[in-house]
1. For B:THR79, are the conditions met, namely being more than 13 Å from every other protein chain (Cβ to nearest Cβ) and among the polar types (S, T, N, Q)?
2. Can you name every residue in the stretch A:28-79 that is open to solvent by less than 30 Å² (accessible area, probe 1.4 Å), β-branched (Val, Ile, Thr) and either assigned to a loop (DSSP other than H, G, I, E, B) or under 22 Å from A:ILE159 (Cβ atoms) (or both)?
3. Is it the case, given these coordinates, that A:LYS3 is outside the structural domain of A:VAL77 (by TED's automatic domain parsing) and modelled with pLDDT of 95 or more?
4. For the stretch B:204-252, enumerate the residues that are of a type in the set (Gly, Ala, Ser) and either open to solvent by less than 60 Å² (accessible area, probe 1.4 Å) or not assigned by TED's automatic domain parsing to the domain that holds B:VAL279 (or both).
5. Where the second residue is at pLDDT 95 or above and open to solvent by 20 Å² or more (accessible area, probe 1.4 Å) and the first is closer than 12 Å to A:ILE48 by Cβ and lies in the stretch A:165-182, which pairs have Cβ atoms under 7 Å and are six or more apart or on separate chains?
6. Checking the structure you have, find out if any residue of the stretch B:43-53 is farther than 19 Å from A:SER290 by Cβ and without any contact (Cβ under 8 Å) to a residue 12 or more places away in the chain.
7. Kindly establish whether A:SER169 is within 14 Å of chain B (Cβ to nearest Cβ), surrounded by fewer than 23 Cβ atoms within 10 Å (Cβ to Cβ) and polar (S, T, N, Q).
8. Here is a list of conditions, (1) open to solvent by 30 Å² or more (accessible area, probe 1.4 Å); (2) more than 14 Å from every other protein chain (Cβ to nearest Cβ); (3) not aliphatic (A, V, I, L, M), and A:THR90 meets all of them except one; can you say which number that is?
Number of protein chains: 2
Amino acid sequence: MKKLINDPKDVVTESVEGFVSAHADIVRASTDPLFVVRADAPSAKVGIISGGGSGHEPLHGGFVGFGMLDAAVPGAVFTSPTPDPIVAATAAVNGGRGVLHIVKNYTGDVLNFETAAELAAADGIEVRSIIVNDDVAVQDSLYTAGRRGVAGTVLVEKIAGAAAQRGDSLGQVAAVAEKVIGQVRSMGVALTPCVVPHAGEPSFALDDDEIEIGIGIHGEPGREKIKLEPADAIVDRLLGPILDDIPFESGDEALLLVNGMGGTPQIELYIVYRRAAQVLAERGIEITRSLVGNVTTSLEMQGMSLSVLKLDDELTALWDAPVQTAALRWGR
Amino acid sequence: MKKLINDPKDVVTESVEGFVSAHADIVRASTDPLFVVRADAPSAKVGIISGGGSGHEPLHGGFVGFGMLDAAVPGAVFTSPTPDPIVAATAAVNGGRGVLHIVKNYTGDVLNFETAAELAAADGIEVRSIIVNDDVAVQDSLYTAGRRGVAGTVLVEKIAGAAAQRGDSLGQVAAVAEKVIGQVRSMGVALTPCVVPHAGEPSFALDDDEIEIGIGIHGEPGREKIKLEPADAIVDRLLGPILDDIPFESGDEALLLVNGMGGTPQIELYIVYRRAAQVLAERGIEITRSLVGNVTTSLEMQGMSLSVLKLDDELTALWDAPVQTAALRWGR
């Protein structure tokens, strides 16, 4: 295992320490229990938090800031956070208008956020939870009942965050988040496995000429292992199931996200984008917004995922709203 | 070789095609000869271009846009562009106030930009060139006479770009770029090699427990191969030569750049940032600005480089100025 780390048991705490040090204008950390929170929290708006295992950076801490999340709760690498820090983060961002929990559909996350929501409610905080399940690759899998929540989560966080920032109520923010979940689908591919620091060994094996289609964000198995193909053919394999699952009509507008899994050079992500844009054009779908980069990773895994979100005027306006986080920012 | 590509000979053109398609609001491409240029070029300000071998993305195309570069000229992977596209890009961004060439100190780049500058001058365009040589690792090396130009180039591009955007003259923009070059130093480490698509094999070899200190951005040799160490010890090895080479005094302000080489998880970059911040604090240097991420990469190489720029009020103001590029953006 070759990593830029010190003791494997300190990976998350040291990384969070560096993160809040580098972005002190945007975030601060609570260290016990551990979570990352907006420097100016709480504010008089609906609070939004997310969280999950570490190793998917910039998800979620990189998306804490103006116009997006109010707090992020990191677990150990690829391990859900326990309820305690989720409860504490919920309290820290509660400005009196309630708190939305954005949860990726992995069993551990779902259970721990559920417990946390009950505990926070017992403390008098109004909590709503939404479950992101954008991955069309598999129905039920190693760590999930139902579809997994993957990179589409970033789109939910951005759009719900914009709704909260403009002053929407908890019910309204939850509703727009659910709308995004209803209209976004994703699927990914792995070229290489990744190594969890405290494990020290690759989480799965792929031959030199083999790739895994439909991978989850922890390297958990997908649909099938196949021989390496040209990028265009791989894109076609992913986009088919995605587009078949969204009720697109010719003339519809969409956001295309090409997400790197952490170890994929940017030059390859844009080759992928090129083909994906061709396929959408062939279907009569207009890409009016896009995002290309490492937004939901699996440590150093080589691979990528595609997400397509069907847009309308409301979602587009919320997507375009100002955002100021460590990982995503535009005009404020 | 496992890559998300089609034919290796099409990697750069297909990637540029995807890039300008994804960021059509910011950039467009010339395809023959190949370069990326601001969608609104030329404008009535000093033009700034850079370029070099591909494989270092987002350098340079990702930094084309408002407040930074006007054009970027990509060569083949790890190969300098020829003079022709540089001349064409120079003409495309010339708004009548002259054009600055920002050149990394690699022999091929220096020669081709020099020829291009002469040709552009013969066409009546006023051109100034500056050579970035921020890498303290080695004096003369495989592809360079003198010190190499590495990730500090991004800081030169941002600050010179801001100077041009506010209306500075060519001489003024060149002067502030030279000032940055005089005050920035960098050094990197590789944990793994990378594979150039048309070569198909790793460019160098490292044992399972071995890292290369002082690596260039093409995987060319650095100072020494050593056994893998904890992240903190590696940071100390890089920062020593960097800080010894800048005339810092206690109380000085600095920008710290932690640059990923392409395949390093973000969680590790922040562990590196944490230690680097500690070391600077011990020396009495205050980090007032920072940047953490993949800004000057070597394809999928795992590793990172550190850059430290000594700041003053002028450089800080230019760093903070609005920027709107594919890879770097803040409030405009």
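The values are calculated or read from the model by the stated rules, or taken from the named source; none is laboratory data. These numbers come from a predicted model, not from an experiment. Positions of Cβ are backbone-derived with ideal geometry, glycine not excepted, and every protein chain shown enters the neighbour counts. Please note that ligands, DNA and RNA were not included when accessible areas were found on the heavy atoms of the full protein model with its side chains. Shrake-Rupley method; radii C 1.70, N 1.55, O 1.52, S 1.80 Å.
1. yes
2. Across the stretch A:28-79, the qualifying residues are A:VAL36, A:VAL37, A:VAL46, A:ILE48, A:ILE49, A:VAL64, A:VAL73.
3. yes
4. B:GLY214, B:GLY216, B:GLY219, B:GLY222, B:ALA231, B:ALA233, B:GLY240, B:GLY251
5. Short answer, once both residue conditions are applied: A:GLN165/A:PHE66; A:GLN165/A:ALA321; A:LEU170/A:ARG97; A:LEU170/A:GLU126; A:LEU170/A:ARG128; A:ALA174/A:ARG128.
6. Taking every residue of the stretch B:43-53 in turn, none turns out to be farther than 19 Å from A:SER290 by Cβ and without any contact (Cβ under 8 Å) to a residue 12 or more places away in the chain.
7. Taking the combined requirement at face value, the residue does not satisfy it.
8. (1)
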